[in-house]
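Asks: Please see the structure below; I have some questions.
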Amino acid sequence: MSAEGFTTGEIDFIVPSTGQATKTWYKVYGDLANRKHRPLVVLHGGPGVVHDYMLSLSDLWTKNEIPVVFYDQIGGGMSTHLPEKNGDVEFWTVPLFIAELNNLLKHFKIQDDFDLLGNSWGGMLAAEFAVTKPKGLKNLVLASGPASMGLFIASLKEKIAQLPQEIQDILKKHEDAGTTDDPEYTQAMMPFLFKHVCRTNPPPPEFMVCLHWLEKDPTVYHTMYVFSPEQKLGQFPILLFDRNGPSEFHIIGSLKTWSILDRIPEITYRTLLTNGRYDEVDDRCLQPFFDKLPKVKWIQFAESSHLAHWEERDWYMKVVADFLAV
C-alpha cells in the first residue's frame, strides 16, 4: 500500500471474442482483507471515461475508514484498450460491463458483501447490475444517473432552450455543419458546462484527466454514444463526459433507446439517489426511481450540478457515509 493509503494493479478479464488477454486496472483505498466496514465499489461515467473524476470519494476511506474500489472500465484509461472494436455495437454492451464488474468483485473476494455507487453512465450501469440481483450487494447509490435516455434528452433540451438565442444559434450552426470541433462551438457551450455539469471553475484536475483519455482513445464513447468514428470532437462536448452524439443533445449511439423504467421494481436494495439542483440529469430523470423503488432516499445538493462529489465535497461525503453506515 502506498503512503497515500491505496494500492493499484490489474485483473485478468477474459473476453474470448477479443482474441487477446484483456485486463481491468484498479485503485483501492484501504485494506479489503482487514476492514471495519463494507467496501464501496465505484462505477465511473462515460462509457469510455476513467475513474479519476470520482477520486474525491477516497474521502470515505480517509475520513470514515470505508474501503473504496475504483477501476477503469475496459476500453478506457489504464485498462485494456480495443480500438479495433470501434463501432462494434455487438461488443460494447451493458452485459460486457456487468461481466467485468462481476469479475472484479470475485477477484477481490468481496462478491458476498459490498456496496455500489455509480455516477452518470455509472449510475445506469449500477441500476442494470442491481436488476441481476447480486446476492452480496447491500446498498446502492445512483448519482446523477438517468432512468432512461429519453428523460435525459428532455432534460437537456429544456436547458439548452434556456440559453440565450445567439448561443443556441451558434450551437445549431456547428451541429448542422458537423463542425463541433470549432473553437466558436466550444466557447458557446461554456455557459452550459459551468451551470449544469461542473460549477467549480476551473474544473478539478481529475476532471481534465478524463478529457485526455477520451481524446487519446474514444472507441467506447464513439460506439455507445456517437457511433461515428469520423466525427470531429470538440473539446467541450468531451468535457461533458456523457456527450451523446455530435453534441450532447443528439444521441445516435447504441444507448440511444436505453431505458430501465419497466425494470426499476426489480431493484430491491436500499438505494440512495443524488443529483444537483442544476444537474444536466434533472429531477425528471430520477423521479421514476423514487416512485418505483421499494427502499429509496433522495438527496439533492443545492449548490451542485452533475459532479456534486466535487462541488459540495464535504456534504456529499457525509450524506453517502451516513447512508452506507447501516
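Taken together, the values in this text are just the output of simple stated rules run on the coordinates, not laboratory data. For clarity, every value in this text was computed on a predicted model and none was experimentally measured. In this analysis, Cβ positions are derived from the backbone assuming ideal geometry, glycine residues included, and neighbour counts consider all displayed protein chains.
Asks: What are the aspartates and glutamates whose alpha-carbon lies under 18 Å from the alpha-carbon of residue 109, with same-chain residues fewer than 8 places away excluded?
Replies: 10, 12, 31, 100
Asks: Tell me which trypsin sites (Lys or Arg not before Pro) from the stretch 1-56 have a DSSP coil assignment and no more than 11 other beta carbons within 10 Å of their own.
Replies: 36
Asks: Using the Cβ atoms and a cut-off under 14 Å, what net charge is assigned to the surroundings of residue 126, where Lys and Arg are +1 and Asp and Glu are -1?
Replies: Cβ neighbours under 14 Å give a net charge of 0.
Asks: Based only on other Cβ atoms within 10 Å, what is the fewest-to-most ordering of 11, 74?
Replies: Lowest to highest Cβ neighbour count: 11, 74.
Asks: Sticking with this one: How large is ³J(HN,Hα), in whole Hz, for each residue of the stretch 183-199 in order, when computed from phi with the Karplus curve 6.51 cos²θ - 1.76 cosθ + 1.60 and θ = phi - 60°, using x for Gly and Pro?
Replies: Couplings: x, 5, 5, 4, 5, 5, 7, 4, x, 5, 4, 6, 9, 10, 10, 8, 8 Hz.
Asks: Right, next: Positive end of the charge dipole of the chain (Lys, Arg +1 and Asp, Glu -1 on Cβ, about the Cα centre): tell me which of 121, 48, 299 has its Cα farthest that way.
Replies: Among 121, 48, 299, the one farthest towards the positive end of the dipole of the chain is 299.
Asks: Continuing with the same structure: Looking at the chain as a GNM with Cα springs under 10 Å, which of 179, 268, 257 has the largest mean-square fluctuation?
Replies: In the Gaussian network model the winner is 257.
Asks: Excluding same-chain residues fewer than 8 positions from residue 159, which lysines have a Cα within less than 17 Å of its Cα?
Replies: 172, 195
Asks: Still on this structure: Do any GluC sites (Glu not before Pro) in the stretch 1-98 lie in a DSSP loop with no more than 16 other beta carbon atoms within 10 Å, and if so, which?
Replies: When the GluC sites (Glu not before Pro) of the stretch 1-98 are filtered for loop state and at most 16 Cβ neighbours within 10 Å, 4, 65, 90 remain.
Asks: Could you give the size of the charge dipole of the stretch 132-175 about its Cα centre, using +1 on the Cβ of each K and R and -1 on the Cβ of each D and E, expressed in debye and rounded to the nearest 20?
Replies: 460 debye
Asks: Based solely on its DSSP helices, what 222 nm [θ] is calculated for the chain when runs of n ≥ 4 H residues each add -39,500 (n - 2.57) and the sum is averaged over all residues, nearest 500 deg cm²/dmol?
Replies: Result for the chain: -10500 deg cm²/dmol, rounded to the nearest 500.
Asks: Something else about it: Which listed residue (197, 26, 78) has the Cα farthest towards the positive end of the charge dipole for the chain, taking +1 on Lys and Arg C-beta and -1 on Asp and Glu C-beta about the Cα centre?
Replies: Farthest towards the positive end: 26.
Asks: Write out the trypsin sites (Lys or Arg not before Pro) in the stretch 48-122 meeting two conditions: DSSP loop, and at most 11 other Cβ atoms within 10 Å of their Cβ.
Replies: 109
Asks: Report the percentage of all Cα-Cα pairs in the stretch 59-193 whose separation exceeds 18 Å, rounded to a whole percent.
Replies: Looking at the stretch 59-193, the distances longer than 18 Å represent 69 percent of pairs.
Asks: Arrange 194, 323 by Cβ neighbour counts within 10 Å, fewest through most, would you?
Replies: With the fewest neighbours first, 194, 323 line up as 194, 323.
Asks: Counting DSSP beta bridges with both partners in the chain, what percentage is antiparallel, nearest 5?
Replies: Counting DSSP beta bridges with both partners in the chain, the antiparallel share is about 35 percent.
Asks: With the contact rule set at Cα under 8 Å and sequence spacing of 6 or more, what percent relative contact order holds for the chain?
Replies: Dividing the mean separation by the residue count of the chain yields 19 percent.
Asks: With viscosity set to 1.306 mPa s and temperature to 10 °C, compute the Stokes-Einstein D of the chain, Rh being the Kirkwood radius across alpha carbon pairs; µm²/s, no decimals.
Replies: Translational D for this selection: 80 µm²/s.
Asks: Quick one: which residues, 5 or more positions from residue 280 or on another chain, have an amide H under 5 Å from its amide H? H modelled 1.01 Å from N in the peptide plane, none for Pro or chain starts.
Replies: Those qualifying (amide H under 5 Å, at least 5 residues apart or on another chain) are 306.
Asks: Something else now. Treating only the Cβ atoms of Lys and Arg (+1) and Asp and Glu (-1) as charged, compute the dipole magnitude of the chain about its Cα centre; round to the nearest 20 debye.
Replies: For the chain, the charge dipole is close to 1060 debye.
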